[in-house]
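The values are calculated or read from the model by the stated rules, or taken from the named source; none is laboratory data. Small disclaimer: the values here were computed from a predicted structure and weren't measured. Counting neighbours? That spans all protein chains shown, and the Cβs are built from the backbone with ideal geometry, glycine included. Remember, those area values only see protein heavy atoms, side chains included, never the ligands or the DNA or RNA. Shrake-Rupley method; radii C 1.70, N 1.55, O 1.52, S 1.80 Å.
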Amino acid sequence: MKILLLGGGGFIGSHLAERLARSGAHEITCLDLSDAKLAALAGSENFFFVRANVCTPSGAATAQELIQNTDVVINLIAPPNPSLYVSKPLEVFRLTLLENFKIVELCSAYGKRLIQFSTSEVYGKTFPEAEAARFVGVAVPFKEDETDFIVGPVNKHRWIYSVSKQVLERAIDAYGLEGRLNYTIVRPFNFIGPRIDYLTTERTGTPRVFSCFMSALLTGSPMKLVNGGLSRRCYTYIDDAVDCLVLILTTPDKCSQQIFNIGNPANEADASDLALRMRHLYDLKYRRPDQPLSKIETVSGEDFYGLGYEDCDRRVPDILKAERLLGWTPKVDLTDALDRTMAYYVEKQ
Ligand code: UGA
């Protein structure tokens with residue numbers, strides 16, 4: 001099968017491309033701005049990299065030609081980083097919704113199957129446990145086809161990514177309803193693994209939580225808990241996620257016009273617990289005797305991300321659909337997921 005990964009040079013795309021290329025059963029083309037995360041595939045006979053920016057006219061033309069000539073499109077183009085939702089909301093909206101909608105239109109026009117990456121962020125916020133029972137539909141775990149979406153007001157522009165992805169999902173579904181698109185939508189829940197993000201020692205900016213904490217541990221600087229570190233996430237190891245994605249790709253009949261949560265509900269932790277676990281592991285396995293151990297301190301969301309930040313307090317996926325239809329269950333527990341990811345960043349130093 002010819003598979004096109006748009007945005008395939010990122011964290012998820014690079015792991016998926018490696019697995020698919022190594023199976024030898026497919027021809028893989030990745031389009032992205034950079035191939036830095038695809039180094040392991042250099043020289044593979046069934047792997048091609050195309051450097052292009054779909055936001056430019058020439059990049060869009062390249063993407064169009066590639067879509068025309070593939071069997072299936074996996075679209076990973078996204079800026080999945082809360083710090084960008086707050087600092088560059090218009091760019092986030094343009095890329096997430098406007099540019100990706102063009103790709104949806106092309107997949108429909110050329111009759112190509114589309115596997116579209118969305119986000120766990122579409123579910124928005126939950127309510128404190130004591131109140132959750134009164135708000136039917138927004139209690140965890142989040143169910144793909146039942147749970148309501150609750151987001152904050154417009155002045156909390158953190159939600160621009162969530163809402164852009166939601167509208168994209170609805171447009172894709174509308175194409176499907178008209179019989180003009182064979183699609184599968186996936187909602188990733190906090191995948192972690194090697195290559196997830198840059199470290200703050202390599203680049204300025206604010207990556208996602210794992211990389212913020214890892215950067216702090218490597219330099220002995222403080223690990224910062226946003227608003228006390230109470231928000232909970234379910235961290236999903238990338239290899240488990242790729243297992244599920246391969247099943248979605250290779251069993252199209254079971255996945256047509258379906259939305260799947262991909263996450264590991266057993267790996268739930270709040271940011272404070274995550275910091276403590278990472279610090280403990282680092283101290284136990286990787287810290288040099290002369291290296292200071294990071295302190296853990298708290299910071300306000302506004303100071304850390306800027307005005308317009310609001311948090312998802314809790315995100316737990318219901319994964320019964322993937323278990324039932326695909327026979328998929330995540331296997332890697334949180335300690336193992338953290339250790340494997342930390343080992344990569346320590347080695348890279
Ligand atoms: C992000 C994106 O918004 C999602 O779209 C994406 O799907 C998701 O990551 C993902 O990786 O799947 P979020 O979980 O809020 O969502 O982002 P993280 O940076 O991973 O933050 C997790 C929690 O840690 C948040 O409560 C954040 O405030 C906190 N945090 C972050 C800290 O306490 N300290 C830090 O240094 C960084």
Worksheet item: Within the set of pairs 6+ apart or on separate chains, which have a first residue in the stretch 100-126 that is over 12 Å from Tyr183 (Cβ atoms), a second that is of a type in the set (Asp, Glu) and surrounded by fewer than 23 Cβ atoms within 10 Å (Cβ to Cβ), and C-beta atoms under 7 Å apart?
Response: Val122/Glu169; Lys125/Asp313; Thr126/Asp313
Discussion item. Considering only the stretch 222-234, I want to know if a residue exists there that is open to solvent by 20 Å² or more (accessible area, probe 1.4 Å) and under 28 Å from Pro289 (Cα atoms).
Written reply: yes
Item to complete: For the stretch 17-34, enumerate the residues that are open to solvent by 60 Å² or more (accessible area, probe 1.4 Å) and under 18 Å from Ile238 (Cβ atoms).
Response: Arg19, Arg22, Ser23
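Conditions (1) in contact (Cβ under 8 Å) with a residue 40 or more places away in the chain; (2) in contact with a Lys or Arg (Cβ under 6 Å, 6 or more places away or on another chain), marked per residue:
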{"residue": "Glu27", "(1), (2)": "no, yes"}
{"residue": "Ser34", "(1), (2)": "no, no"}
{"residue": "Gly43", "(1), (2)": "no, no"}
{"residue": "Cys55", "(1), (2)": "yes, no"}
{"residue": "Leu76", "(1), (2)": "yes, no"}
Practice prompt. Search the stretch 259-269 for residues being open to solvent by 10 Å² or more (accessible area, probe 1.4 Å) and assigned to a strand (DSSP E or B), and hand back the single one that is farthest from the ligand (Cβ to nearest atom).
Written response: Ile259
Discussion item. I want to confirm something. Restricting to the stretch 277-287 and keeping residues that are surrounded by 15 or more Cβ atoms within 10 Å (Cβ to Cβ) and of a type in the set (A, V, I, L, M, F, W, C), which single residue is nearest to the ligand (Cβ to nearest atom)?
Written reply: Met278
Practice prompt. From (1) at pLDDT 95 or above; (2) more than 10 Å from the ligand (Cβ to nearest atom); (3) open to solvent by 50 Å² or more (accessible area, probe 1.4 Å); (4) among the charged types (D, E, K, R), pick out the condition that doesn't hold for Arg195.
Written response: (3)
Response to the item:
Matching residues in the stretch 187-210 (without any contact (Cβ under 8 Å) to a residue 24 or more places away in the chain and in contact with a Ser or Thr (Cβ under 8 Å, 6 or more places away or on another chain)) number 3
Worksheet item: So which residues in the stretch 333-349 are open to solvent by 30 Å² or more (accessible area, probe 1.4 Å), within 19 Å of Asn267 (Cβ to Cβ) and of a type in the set (Val, Ile, Thr), if there are any at all?
Response: Thr335
Fill in: Unique match (being open to solvent by less than 70 Å² (accessible area, probe 1.4 Å), closer than 27 Å to Asp197 by Cβ and away from the ligand (no atom under 16 Å from the Cβ)) among Ile67, Ile77, Ile103
Ile103
Worksheet, complete the sentence: Ser215 fails exactly one of (1) under 25 Å from Val346 (Cα atoms); (2) assigned to a loop (DSSP other than H, G, I, E, B); (3) more than 8 Å from the ligand (Cβ to nearest atom), namely (2)
Discussion item. When the residues of the stretch 303-318 are narrowed to those that are acidic (Asp, Glu) and either modelled with pLDDT of 95 or more or open to solvent by less than 20 Å² (accessible area, probe 1.4 Å) (or both), which ends up nearest to the ligand (Cβ to nearest atom)?
Written reply: Asp303
Worksheet item: Does Tyr161 qualify as being within 15 Å of the chain's Cα centre (by Cα), surrounded by fewer than 17 Cβ atoms within 10 Å (Cβ to Cβ), within 30 Å of Val104 (Cα to Cα) and not basic (Lys, Arg)?
Response: no
Worksheet item: Tell me, which residue of the stretch 289-348 that is assigned to a helix (DSSP H, G or I) and of a type in the set (Ser, Thr, Tyr) is nearest to Val86 (Cα to Cα)?
Response: Tyr305
Worksheet item: Out of Ser300, Ser294, Ser256, Ser272, which single residue is within 30 Å of Gly176 (Cβ to Cβ), open to solvent by less than 50 Å² (accessible area, probe 1.4 Å) and at pLDDT 95 or above?
Response: Ser256
Practice prompt. Please enumerate the residues belonging to the stretch 156-199 that are touching a strand residue (DSSP E or B) at 6+ places or on another chain (Cβ under 6 Å), closer than 27 Å to Leu307 by Cα and in a loop (DSSP other than H, G, I, E, B).
Written response: Phe189, Asn190
